[in-house]
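The values are calculated or read from the model by the stated rules, or taken from the named source; none is laboratory data. Quick caveat: nothing in here was measured; it's all calculated off a predicted structure. So basically every Cβ, Gly included, is an ideal-geometry build from the backbone, and we count neighbours across all protein chains shown.
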């Protein structure tokens with residue numbers, strides 16, 4: 001499964017969201033994902049009135065966060081648009097209000113962002129929802145991952161765990177893609193995947209080779225757009241190339257038995273004495 005992470009790269013503009021959905025669908029993504037927050041719950045009060053320069057002028061940080069947040073009418077439109085195209089959608093939920101909001105829609109799973117992995121109240125509230133969970137593990141200790149996995153297992157959740165480094169973009173020597181194998185060995189009951197924030201696409205292909213069953217990457221209409229996540233996101237050509245490569249990895253890996261293919265027989269006769 002390939003998740004095209006729109007996140008907040010729509011910059012609060014529904015037309016941009018449609019364009020990003022179109023881009024993901026055209027490139028062959030399986031699902032598009034947004035981020036949903038209640039800013040008054042998620043932004044510390046100490047940050048509310050700090051001034052931020054935005055495309056809409058200088059404003060309080062809390063007003064900026066509200067400005068880029070989609071509400072019910074926008075998600076209703078997104079839901080209809082995705083159904084029309086034939087692509088699924090979901091969102092990362094950053095608080096209980098957002099969990100209750102998103103599960104009003106028929107989404108295939110709920111995403112727990114790396115920032116929320118230690119939010120036990122949120123994890124426990126998910127118990128009320130009969131829905132699978134995908135969880136990223138960025139900026140988390142092994143104990144924090146263990147506790148979140150244990151909590152979700154106790155709640156009987158269908159769980160997918162994504163290896164992740166939460167830096168945007170992540171340095172190449174901090175990718176630690178071998179953790180994918182560690183997670184597969186440690187949590188054999190769950191699907192293991194990769195949420196990448198690196199520049200480029202090669203490490204994500206390696207993640208698939210190492211056994212990642214679910215891949216998530218941020219997407220953007222233009223890396224130069226205003227906003228915090230655009231520079232570490234993929235534009236259309238990168239996204240299309242990446243998905244094409246990922247779809248070919250299983251063919252490249254083939255089977256694990258040594259064999260001589262029919263295509264080699266003629267060469268074998270010519271070169272062997």
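The figures follow:
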read-out: Of residues in the stretch 152-181 being assigned to a helix (DSSP H, G or I) and in contact with a helix residue (DSSP H, G or I) (Cβ under 9 Å, 6 or more places away or on another chain), the one surrounded by the most Cβ atoms within 10 Å (Cβ to Cβ); value: 180
read-out: Residue 16, sole failed condition from (1) surrounded by fewer than 19 Cβ atoms within 10 Å (Cβ to Cβ); (2) closer than 21 Å to residue 197 by Cβ; (3) modelled with pLDDT under 90; value: (3)
read-out: Among (1) over 21 Å from residue 91 (Cβ atoms); (2) exposed (fewer than 15 other Cβ atoms within 10 Å of the Cβ) - the single one residue 192 does not satisfy; value: (2)
read-out: Selection count where residues are modelled with pLDDT of 95 or more and on the phi > 0 side of the Ramachandran plot, scope the stretch 190-232; value: 1
read-out: Strands (runs of 3 or more DSSP E) (entirely within the stretch 25-132) containing at least 3 residues that are in contact with a helix residue (DSSP H, G or I) (Cβ under 9 Å, 6 or more places away or on another chain) and surrounded by fewer than 17 Cβ atoms within 10 Å (Cβ to Cβ); value: none
read-out: Looking only at the stretch 198-217, and only at residues there that are touching a helix residue (DSSP H, G or I) at 6+ places or on another chain (Cβ under 6 Å) and without any contact (Cβ under 8 Å) to a residue 40 or more places away in the chain, the one that is surrounded by the most Cβ atoms within 10 Å (Cβ to Cβ); value: 210
read-out: Meets criteria (surrounded by fewer than 15 Cβ atoms within 10 Å (Cβ to Cβ), free of Cβ contacts under 8 Å to residues at least 24 places away in the same chain and more than 30 Å from residue 156 (Cα to Cα)) for residue 263; value: yes
read-out: Residues being farther than 21 Å from residue 90 by Cα and outside any helix (DSSP H, G or I) - total across the stretch 133-151; value: 3
read-out: Test: residue in the stretch 231-242 that is outside any helix (DSSP H, G or I), touching a helix residue (DSSP H, G or I) at 6+ places or on another chain (Cβ under 7 Å), within 22 Å of residue 19 (Cβ to Cβ) and touching a residue at least 60 places away in the same chain (Cβ under 8 Å); value: no
read-out: Yes/no for residue 5 being within 21 Å of residue 114 (Cβ to Cβ), at pLDDT 95 or above and out of contact with any helix residue (DSSP H, G or I) (no Cβ under 7 Å at 6 or more places or on another chain); value: yes
read-out: Total residues in the stretch 198-230, condition within 17 Å of the chain's Cα centre (by Cα) and under 16 Å from residue 161 (Cα atoms); value: 10
read-out: Residue among 54, 90, 103 that alone is within 19 Å of residue 218 (Cα to Cα) and touching a residue at least 24 places away in the same chain (Cβ under 8 Å); value: 90
